[in-house]
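Following: one structure in structure tokens, then a few remarks.
The values are calculated or read from the model by the stated rules, or taken from the named source; none is laboratory data. These figures come from a predicted structure and were not determined experimentally. Every residue, glycine among them, receives a Cβ derived from its backbone with ideal geometry; neighbour counts consider all protein chains shown. The area values use the complete protein model at the heavy-atom level, side chains included, leaving out ligands, DNA and RNA. Shrake-Rupley method; radii C 1.70, N 1.55, O 1.52, S 1.80 Å.
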Amino acid sequence: MPSRDQMAEIGEHGDIEEVNEAQGLEGDRSSLKSTMERNVKTQPDGPVKEKKLGMMKQFRESIKRVGERSPLASNSKESKDKSNSEQGGHGIDPEVTSPTHQLPHPPSPCLSAGSPMASPLKGLGGSFQRKEGGESAEDSLQKKHTRTRSDPLAIGDSLLKKGASIRRSLRLVGNKKDKTLKQEQLQPVTEITVDEKRERENERVEIKESYILPEIPLTPVSVMQINKLIGMEVLEEAYLNLLSLCQEFQREREECTEEASSMELAKKEKDIRLLYNALRDKVKEIVRDSNSFPSRNKDLLVHVARVIQEEEKREAEPGGVVGPGGWRGAWREAVSEGVQATLKSVHLDRPEQNASWLAIHLGMLGKAIVEDLKKVKGELQGSYPPSFNVFSTYVSCYHGAVSQHLKRLQQQVTDLKDYYSLLDWIINHYESEKIMSSPSLRPEMEAENIGLSLEEGFLDQLKGKYCMRAKEDMRASLDKILELENEDMWIKKQAPETDDEHFFNSDIHMDIWTKVKSNAVNSKRIDVNLEMRVVCSCLEELQQFPKRFETEFRYCCNSMENPSLWADYQITYINSFKALKEHMEGYRESCPTQVDHLSREVDGLVHRLVQGLEDQFKNDVRPYLRRMMTRKWLSTDEDFQQLLSRTEKLSQRCSQMRHPYVQMFVSSLHYYVVKEYVSQLMKNNYSCKNRKHDKAATKMRVQWNELNDLFEEMKTTHDWLHPVGDHLSNIIGEKNKRNIKNHLKHLVADYPDISKKHLSAVLYFRGLVRGREKRTANLQA
């Protein structure tokens, strides 16, 4: 039994195949083929005349069954009525021309191949075509349909002739000529792979730039019917009738002579414009929704493109121009509206619903853009001629729509992280392989501009707001640091912790440095210049922090009853702000002015903290130093031991203070102790008599050595103070007055700023000044 393809090959030039091709009835063709096969198999060996009569009878019955099942058969009567009504001049009945009567069950809203208004010579992809002169292909085919429906016997005779050819091809008549004919007609059947089928489909949907408009009907259907066709998206038939209506209007306007006719023409002109508006709105609706339902609108877009192309040629006619930019502008506007609808469909939480609302939305937005452009690349652009530049148009519309969408989003942004998400998406994600440079959009995207169409100054404005917000966020973080320090340390009187190097440590400097560093790192991902601006903004806010911290610290801790804990806190914050200053030095190259100001503020705070420690120590040891070089001092070591004990405690604390402030602090205290110790000798409060100067000299030497050793252990830098005690001890303990004079010379040589008053006081303590000299010394004192 021959296959369907072989049967189609055999009947390529016959009436059967012509009827089937015009009607598009695959099922009826199968039925007809099966009837022929039964006739061939059951053919008797009788006379040839009986064979022909039997064949003709069965073919007639088959044709009747085909006509009953064909939707074109039901239109036969309607076609005759339509022809009669046209001849009678009564116009066109809307019910007759309705697509719902022509096709009881249309597969889609678009014009089908069986519609009377469809072009029978429609090219690949459904483009408009027309025969080059004379009788149109549509009229020719219409006549053939009429002949087929009105005279089935004629078809039967034709089929009888074709049946003989079929029998010869099936070797039912075994002559050599028939064998040769069969070998020439039958072609080998090859299996079509899926890839080949897909390639053929792609070839079929390719739309060419040029087209031929189908023949415009001489008499249009009613305005209501055209409007109905537009609403049903039967664009080709609706547009051809609209053009016919325009031509009719032109003819009537040229022939218009009476006032009543003028009114009718004005009404018809209004109807034409309303129909054009309806057509424009329907075209925009189809284009706007085309990416949401690409498969449904695929054929419609072909008609849309042809309507736009035709209207661009007819701009001077009524309704030919639709606003600025014409029909092509309206098409682009519809594309833009569809793109905007896609963006609006992306889920967006409110900031109070989700802390990461913007980052999540932007991630989903990028995916939606890529998926939409993939549909445009793979499906939509194949429905348009090349001049429409479909992919480029969609990309351009996305640039503009996304820019406006981001502008609206920016109005809702208040947090620093959301400003960062917005800037990061614009600068690092939109043009990357995640979105516009996605491999799935190549090679079309390689020729496109992938940058957003942002308004001038929008990005700079956004960066400025980001810097301002970073500064505000920095201030809020510093306030939080002070609050936590007060709650965790000062209120609870918590002893400070020590680090791995056994220095007092606070996390303040790390919290501040981490905040600045994170802002710098995030900003650098966006823009190097933005990093510098953000760091400078943070440092400007940080400049005010040392004074704010000092105010809060003194307010909370000045009344602290434990002076030792107070001293530990001061040492801790000296270390912390010293570390903070070192961290910020890393930004000197990018923000030198801000770093200098901050360094001065930190140095001022550290100096005041060190001064506070010094004042605390001085107030602590001052009572004991005042009792040096007195009768009680000579008889007991109690006051000196108190001085020594407090100095040793201070030495232990200084071991937990970082360089270089510990050396400055120790040296300052060393100078203070030596000065106060020696100054007591200069006050003329006591004079050694009865050989007590030996005891005083010995005691002074011992105490002086202990103080020297202690401050040496504390790593003082004022080692030039060590000899003064030895000089004084030598003078006080010397018995020979001439040698005393030599010791005085050594004292003056090492300390040239010592005065005669000071020398007189030393000699008085030694017991060598009496009477008038004593009174003079007292007056000078």
Glu248, sole failed condition from (1) surrounded by fewer than 18 Cβ atoms within 10 Å (Cβ to Cβ); (2) within 51 Å of the chain's Cα centre (by Cα): (2)
Within segment 306-318, is even one residue open to solvent by less than 40 Å² (accessible area, probe 1.4 Å), farther than 24 Å from Ser210 by Cβ and at pLDDT below 90? yes
Looking at the structure I just gave you, is Val283 open to solvent by less than 50 Å² (accessible area, probe 1.4 Å), part of a helix (DSSP H, G or I) and at pLDDT 90 or above? yes
In segment 605-684, which helices (runs of 4 or more DSSP H) lie fully inside it and hold 2 or more residues that are at pLDDT 90 or above? 638-654, 661-681
Of the residues in segment 735-762, those that are touching a residue at least 12 places away in the same chain (Cβ under 8 Å) and open to solvent by less than 50 Å² (accessible area, probe 1.4 Å) come to Ile740, His743, Leu744, Leu747, Tyr751, Leu759, Ser760, Ala761, Val762
Only one of Met445, Met474, Met468 is more than 15 Å from Cys557 (Cα to Cα), at pLDDT below 90 and of a type in the set (A, V, I, L, M). Can you tell me which? Met445
Can you tell which of Arg658, Arg622, Arg631, Arg626 is in contact (Cβ under 8 Å) with a residue 24 or more places away in the chain and either surrounded by 17 or more Cβ atoms within 10 Å (Cβ to Cβ) or under 60 Å from the mean Cα position of the chain (by Cα) (or both)? Arg658
Restricting the first residue to segment 574-599 and requiring it to be more than 30 Å from Arg653 (Cβ to Cβ) and touching a residue at least 60 places away in the same chain (Cβ under 8 Å), which pairs with a second residue that is in a helix (DSSP H, G or I) and open to solvent by less than 60 Å² (accessible area, probe 1.4 Å) meet a Cβ separation below 7 Å and a spacing of at least six or different chains? Tyr587/Val535; Tyr587/Leu539; Tyr587/Val595
Against the condition under 22 Å from Thr514 (Cα atoms) and under 41 Å from the mean Cα position of the chain (by Cα), how does Tyr587 come out, does it pass? yes
Is there a residue being touching a residue at least 24 places away in the same chain (Cβ under 8 Å), open to solvent by less than 10 Å² (accessible area, probe 1.4 Å) and more than 17 Å from the chain's Cα centre (by Cα) anywhere in segment 357-373? no
Count of residues meeting criterion [touching a helix residue (DSSP H, G or I) at 6+ places or on another chain (Cβ under 9 Å) and either closer than 21 Å to Leu542 by Cβ or part of a helix (DSSP H, G or I) (or both)] in segment 484-504: 5
Yes or no: Lys689 at pLDDT 85 or above and among the basic types (Lys, Arg)? no
Condition first: open to solvent by less than 20 Å² (accessible area, probe 1.4 Å) and of a type in the set (Phe, Trp, Tyr). Now tell me which residues in segment 539-555 satisfy that. Phe545, Phe549, Phe553
Working only within segment 709-749, note down all residues that are touching a Ser or Thr at 6+ places or on another chain (Cβ under 6 Å) and β-branched (Val, Ile, Thr). Thr716, Thr717
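Just give me the residues in segment 556-571 being in a helix (DSSP H, G or I) and either open to solvent by 30 Å² or more (accessible area, probe 1.4 Å) or free of Cβ contacts under 8 Å to residues at least 60 places away in the same chain (or both), in sequence order.
Within segment 556-571, the subset in a helix (DSSP H, G or I) is 556-557, 563-571.
Residues satisfying the conditions are Cys556, Pro563, Ser564, Trp566, Gln570.
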